[in-house]
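Trainee: Starting off with a structure, shown below.
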Amino acid sequence: QLQASGGGLVQPGGSLRLSCAASGLIFSIKVMGWYRQALGKQRELVATMTSGDSTNYKDSLKGRFTISRDNARNTVYLQMDSLKPEDTAVYYCRIGAGPYVYWGQGTLVTVSS
């Protein structure tokens with residue numbers, strides 16, 4: 001249902017853009033978002049965007065990460081700039097459509113020199 005891509009290895013200070021494309025949805029999308037889970041830590045919110053374009057970010061990521069979407073492609077993006085080693089994690093996309101919540105398979109982002 002959800003196909004995430006764009007992860008990889010990047011040096012500190014670099015940028016990556018993650019994508020997550022949804023397919024086969026029956027209901028309209030209400031909210032799209034990104035979460036991440038670092039090794040040994042709990043999964044946490046990165047950013048969300050509602051169907052009304054309202055956004056919410058983890059406070060410490062504001063100004064570095066930007067969520068956006070392409071409605072025609074049912075795709076949500078996460079632009080990550082000025083990456084830091086502590087941003088290393090598996091990033092998951094999450095979509096709420098009607099009464100259902102879908103999770104992507106996760107894409108690994110590694111920030112290291």
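The values are calculated or read from the model by the stated rules, or taken from the named source; none is laboratory data. Here the structure is a predicted model, which is why all the values come from computation and not from measurement. Using ideal geometry, Cβ is built from the backbone for each residue, glycine included, and neighbour counts are taken over all protein chains shown. Ligands, DNA and RNA are stripped out before the accessible areas are found, and what is left, the full protein with its side chains, is counted by its heavy atoms. Shrake-Rupley method; radii C 1.70, N 1.55, O 1.52, S 1.80 Å.
Trainee: What residue, of A38, A47, A4, is open to solvent by 20 Å² or more (accessible area, probe 1.4 Å), closer than 14 Å to Y91 by Cα and either under 12 Å from the mean Cα position of the chain (by Cα) or not aromatic (F, W, Y) (or both)?
Mentor: Selected residue: A38, the only one of A38, A47, A4 that is open to solvent by 20 Å² or more (accessible area, probe 1.4 Å), closer than 14 Å to Y91 by Cα and either under 12 Å from the mean Cα position of the chain (by Cα) or not aromatic (F, W, Y) (or both).
Trainee: Separate question: For S113, all conditions in the list (1) surrounded by 14 or more Cβ atoms within 10 Å (Cβ to Cβ); (2) within 17 Å of L9 (Cα to Cα) hold save one; what is the number of the exception?
Mentor: For S113, the failing item is (1).
Trainee: Kindly provide the set of residues from the range 53-77 that are in a strand (DSSP E or B) and among the charged types (D, E, K, R), ordered by number.
Mentor: K62, R69, D70, listed by residue number.
Trainee: What are the residues in the range 59-110 that are open to solvent by 60 Å² or more (accessible area, probe 1.4 Å), touching a residue at least 40 places away in the same chain (Cβ under 8 Å), aliphatic (A, V, I, L, M) and out of contact with any Phe, Trp or Tyr (no Cβ under 8 Å at 6 or more places or on another chain), if any?
Mentor: Across the range 59-110, there are no qualifying residues.
Trainee: Could I ask something else about it? Does the range 79-110 hold any residues that are within 24 Å of G14 (Cα to Cα) and among the aliphatic types (A, V, I, L, M), and which are they?
Mentor: M80, L83, A89, V90, L108, V109
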